[in-house]
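Worksheet: the structure to be examined is printed underneath.
Please treat every number below as a calculation from the coordinates, not as lab data. Please read all numbers here as calculations on a predicted model, not as lab measurements. Please note: Cβ atoms are built from the backbone with ideal geometry, for glycine as well, and neighbour counts cover all protein chains shown.
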Amino acid sequence: MDISAAPLYVKTLTQGRHTVTAPRQGLCEITGDILTWIESQKVTTGLLTLYLRHTSASLLIQENYDLDVLRDLEDFFAAQAPEDTTLYRHIAEGADDMPAHIKGALMQTHLAIPVCDGDLLLGRYQGIFLFEHRQTPRAREIVLHIEGQ
Amino acid sequence: MDISAAPLYVKTLTQGRHTVTAPRQGLCEITGDILTWIESQKVTTGLLTLYLRHTSASLLIQENYDLDVLRDLEDFFAAQAPEDTTLYRHIAEGADDMPAHIKGALMQTHLAIPVCDGDLLLGRYQGIFLFEHRQTPRAREIVLHIEGQ
Amino acid sequence: MDISAAPLYVKTLTQGRHTVTAPRQGLCEITGDILTWIESQKVTTGLLTLYLRHTSASLLIQENYDLDVLRDLEDFFAAQAPEDTTLYRHIAEGADDMPAHIKGALMQTHLAIPVCDGDLLLGRYQGIFLFEHRQTPRAREIVLHIEGQ
């Protein structure tokens with residue numbers, strides 16, 4: 001167990017919105033967008049929370065080094081919830097709709113990442129991704145919420 | 001990237017408890033209960049965290065518009081972890097016990113949702129659900145924690 | 001809906017780091033380590049966030065009473081993502097590498113747990129676990145972030 005930093009007063013809370021449309025169904029890295037926002041916030045120590053306002057896409061922290069990881073993850077989740085209307089009741093919006101909700105339930109709607117010295121404490125190979133589960137990507141709104149000082 | 005709100009001072013932190021018993025195994029919407037609590041808190045900008053003190057149920061944000069989505073989700077997770085004692089070691093509490101833990105591991109024990117202008121920033125079709133994984137629902141305690149001003 | 005506590009001022013924010021190496025692939029309980037850190041923080045009411053800086057391991061809250069639950073969970077996730085190189089593109093680091101990323105996507109990179117009266121509000125049988133997904137465990141860094149008063 002490492003020594004903890006000295007206590008700080010929680011000074012500020014800021015919320016922003018980020019809208020992103022993935023180029024295609026699957027994993028779309030948004031780490032750069034989030035880092036740009038963090039740099040504009042002047043928070044040196046705090047906690048960033050990301051919240052996705054949709055149920056047919058997910059937020060995910062995963063390896064951003066070898067792109068094969070992303071393709072394998074997409075294949076895994078595609079096999080978990082096949083786009084086959086005979087498997088589901090909820091099919092009015094197309095074969096990819098219910099699988100999108102299932103993938104949404106298996107992954108995250110929100111993420112929290114600590115900030116230290118003004119930087120996100122992501123691991124060396126960690127990236128932040130929007131996982132678009134629909135075949136025709138749509139604009140997705142992410143709320144950014146930071147508290148700290 | 002949208003413009004962020006001006007920084008605010010974090011003024012208050014409040015915790016509450018909400019106990020709910022689902023009417024049956026499966027998804028039980030609790031959005032209304034949570035909104036009632038939020039309205040009593042007088043927080044205009046902040047972050048709500050929900051924490052479930054159980055390992056055989058889950059918290060989930062999902063679509064609350066078409067109930068078929070909920071039935072399809074229940075079927076999906078039932079197929080993932082069949083209630084069949086020959087599949088597991090942990091069977092003393094019944095065939096539904098270990099599947100309940102597996103579903104608990106696949107979904108969330110906690111959720112965080114930003115609050116803005118006194119409202120939860122849920123998306124248009126997002127609802128908050130307790131997913132009861134046991135066949136005989138029991139009282140489930142959820143801790144509500146809000147920080148903001 | 002229970003009565004909420006009176007609002008408190010958010011006074012302090014502290015971050016720490018905890019490095020742990022699991023004894024083997026699978027679930028490794030870290031509740032004691034986290035409680036030790038919490039006790040040193042003098043926060044009576046607040047929120048603890050844990051963040052894992054790796055993509056081939058997970059954080060999980062699960063039952064810590066019957067160890068059979070842990071073995072059944074390990075078997076379930078092993079079957080979800082078999083360690084078989086013919087199934088994946090990303091195989092350079094061994095047969096256990098891509099399954100580790102898949103398990104990472106199915107479970108959590110961060111957890112949040114409320115603190116009340118100086119104690120974590122874990123349920124009676126809830127424990128905090130590091131789930132090591134690689135066959136050869138490595139040192140895993142967890143960021144601890146607490147806000148409260």
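Counting, for every residue in A:90-97, the Cβ atoms of other protein chains within 10 Å of its Cβ and taking the mean gives 2. Amide H contacts of A:Asp96 (H built 1.01 Å from N, in plane; Pro and chain starts excluded): no residue 5 or more places away or on another chain comes under 5 Å.
Listed values for the range A:57-72 are Karplus-derived 3J(HN,Hα) couplings in whole Hz (6.51 cos²θ - 1.76 cosθ + 1.60, θ = phi - 60°), namely 8, 9, 9, 8, 9, 8, 5, 10, 9, 9, 5, 4, 4, 5, 5, 5, and x replaces Gly and Pro. Each Lys or Arg adds one and each Asp or Glu takes one away; over the other residues whose Cβ falls under 11 Å from the Cβ of C:Ala95, this sums to -4.
For C:Arg17, nonlocal amide neighbours, meaning residues 5 or more places apart or on other chains whose placed amide H falls under 5 Å from its own, are A:Asp2, C:Leu144. With contacts taken as Cα pairs under 8 Å at a separation of at least 6 residues, the range B:77-149 carries a relative contact order of 24 percent.
The value of relative contact order for chain A, using C-alpha pairs under 8 Å at least six residues apart, is 52 percent. In plain terms, the bigger the Kirkwood radius, the slower the diffusion; for the range B:9-148, with that radius from Cα pairs, at 10 °C and 1.306 mPa s, Stokes-Einstein puts D at 100 µm²/s. The string of couplings for the range C:138-149 from the Karplus curve (6.51, -1.76, 1.60, θ = phi - 60°) is 10, 5, 10, 9, 10, 8, 10, 10, 10, 10, x, 8 Hz, one whole number per residue in order, with x for Gly and Pro.
Compute the orientation-averaged projected area for the protein assembly as shown from the convex hull of its Cα atoms and round it to one decimal in nm². Over all viewing directions, the protein assembly as shown projects a mean Cα-hull area of 19.1 nm². Computing FRET efficiency as 1/(1 + (r/R0)^6) for B:Glu141 and A:Gln149, where r is the C-beta to C-beta distance and R0 is 41 Å, gives about 0.80.
Give B:Lys42/C:Lys11; B:Lys103/C:Lys42; B:Lys11/B:Lys42; A:Lys42/C:Lys103 a once-over and call out the pairs whose C-alpha atoms are over 23 Å from each other. Flagged as over cut-off: B:Lys103/C:Lys42; A:Lys42/C:Lys103. Shown is the FRET efficiency for B:Tyr65 and C:Cys116, computed with R0 = 45 Å from the Cβ-Cβ distance and rounded to the nearest 0.05: 0.80.
For C:Gln149, the label point sits 7 Å beyond Cα toward Cβ; its separations from the matching points on the remaining copies run 1.4, 1.4 nm, from shortest to longest. Helix A:97-106 and the longest principal axis of the Cα set of chain A meet at an angle near 40°. Along the range A:115-125 the Karplus relation, 6.51 cos²θ - 1.76 cosθ + 1.60 evaluated at θ = phi - 60°, assigns HN-Hα couplings of 10, 9, 6, x, 10, 5, 8, 5, x, 3, 10 Hz to successive residues, with x for each Gly and Pro.
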